[in-house]
1. Under 6 Å between Cβ atoms, which residue pairs at least 6 apart in sequence (or on different chains) link something in segment 131-151 that is closer than 18 Å to ILE178 by Cα and open to solvent by less than 60 Å² (accessible area, probe 1.4 Å) with a partner that is modelled with pLDDT of 85 or more and not polar (S, T, N, Q)?
2. Where residues in segment 195-222 are modelled with pLDDT of 90 or more and in a loop (DSSP other than H, G, I, E, B), which of them is surrounded by the most Cβ atoms within 10 Å (Cβ to Cβ)?
3. So LEU82 clears everything in (1) free of Cβ contacts under 8 Å to residues at least 60 places away in the same chain; (2) out of contact with any Gly (no Cβ under 9 Å at 6 or more places or on another chain); (3) within 20 Å of ILE188 (Cβ to Cβ) except one condition, right? Which one?
4. Residue check, LYS182 against (1) modelled with pLDDT of 85 or more; (2) in contact with a strand residue (DSSP E or B) (Cβ under 9 Å, 6 or more places away or on another chain); (3) open to solvent by less than 30 Å² (accessible area, probe 1.4 Å), all met but one. Which one?
5. Being aliphatic (A, V, I, L, M) and assigned to a loop (DSSP other than H, G, I, E, B) is the filter here; which residues of segment 174-194 pass it?
6. Somewhere in segment 69-78, is a residue surrounded by 15 or more Cβ atoms within 10 Å (Cβ to Cβ) and within 20 Å of ILE141 (Cβ to Cβ)?
7. Checking PRO137 against (1) more than 19 Å from TYR88 (Cα to Cα); (2) at pLDDT below 85; (3) assigned to a loop (DSSP other than H, G, I, E, B), only one condition comes out false. Which one?
8. Considering segment 93-115 alone, what residues qualify as being touching a Phe, Trp or Tyr at 6+ places or on another chain (Cβ under 8 Å), in a loop (DSSP other than H, G, I, E, B), open to solvent by less than 90 Å² (accessible area, probe 1.4 Å) and not hydroxyl-bearing (Ser, Thr, Tyr)?
Amino acid sequence: MRFTCALPALYLRFTCALPVLYLRFLFCKDDIIFQSGNIEINRGDIDDILTNQYLADNHVDAFAFLLSEKRRILPKEFQNYLYISPLYRAYRGYKQDFQIFIQHINLDSVRESKLIVLVIGRLKDKVCKLYDSLPNPEHKIKQIHEDKAGAFPSDITTWKLQTVRGVPTQSNDYDCGIFVCKYMERVILRQKIDWASLKDWQKYMPKFRAELGYALCLTTKM
């Protein structure tokens, strides 16, 4: 019975892997597979997705791009939100030009949005919610407040800070990136999230990785 139930998942993983295997014959490791703005995914990055490596910031940004396209096609399923790339923190820390990652945040875009990700800020409730898969809470609210002064109708450093309990957590030290992507995908849905029903996310991580690799491969212009 368990073998029979596993067959659809195995078939999906095999089907999703086919374009990636095809890419290995056509592209070198450094060849660009996906590009949008400052986001670049090369064939080596696809390999990382499928071989249980850490997902880097560019992987998360690429997932966010695909999610924005999904929201554009299915607007009734998703809330309006502002996305802040994890590269914002990295560039800021290295004193590089980080404004490119937050230039879309202004008073108008804030008014039109319900959420800010990847700090999950609920604008109406003035609450910041932390979704952590390890967990090891960390937030950069103060930095965003300093860098985008005047973009928010209230002082976001005074918002309540809540760590969301009961979310799916990882059982290894390399799936944090894909957990971040799946958190983001869920929290922007309009429907209420039943986190209790998603407790077994960890065993589906290979499937989620295959789906991301497959989606990125579909954007490739052969």
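The values are calculated or read from the model by the stated rules, or taken from the named source; none is laboratory data. Only a predicted model underlies this, so the values are computations on that prediction, with no experimental measurement involved. Please note: Cβ atoms are built from the backbone with ideal geometry, for glycine as well, and neighbour counts cover all protein chains shown. Just so you know, the surface numbers come from the protein's heavy atoms only, side chains and all, with ligands and any DNA or RNA stripped out. Shrake-Rupley method; radii C 1.70, N 1.55, O 1.52, S 1.80 Å.
1. TYR131/VAL167; TYR131/TYR183; SER133/CYS176; SER133/PHE179
2. In this case the residue turns out to be LYS199.
3. (2)
4. Unmet for LYS182, out of (1) modelled with pLDDT of 85 or more; (2) in contact with a strand residue (DSSP E or B) (Cβ under 9 Å, 6 or more places away or on another chain); (3) open to solvent by less than 30 Å² (accessible area, probe 1.4 Å): (2).
5. Of segment 174-194, the ones aliphatic (A, V, I, L, M) are 178, 180, 184, 187-189, 193.
Passing the criteria: ILE188, ILE193.
6. No: segment 69-78 contains no residue that is surrounded by 15 or more Cβ atoms within 10 Å (Cβ to Cβ) and within 20 Å of ILE141 (Cβ to Cβ).
7. (1)
8. Those that are touching a Phe, Trp or Tyr at 6+ places or on another chain (Cβ under 8 Å), in a loop (DSSP other than H, G, I, E, B), open to solvent by less than 90 Å² (accessible area, probe 1.4 Å) and not hydroxyl-bearing (Ser, Thr, Tyr): PHE98, ILE102.
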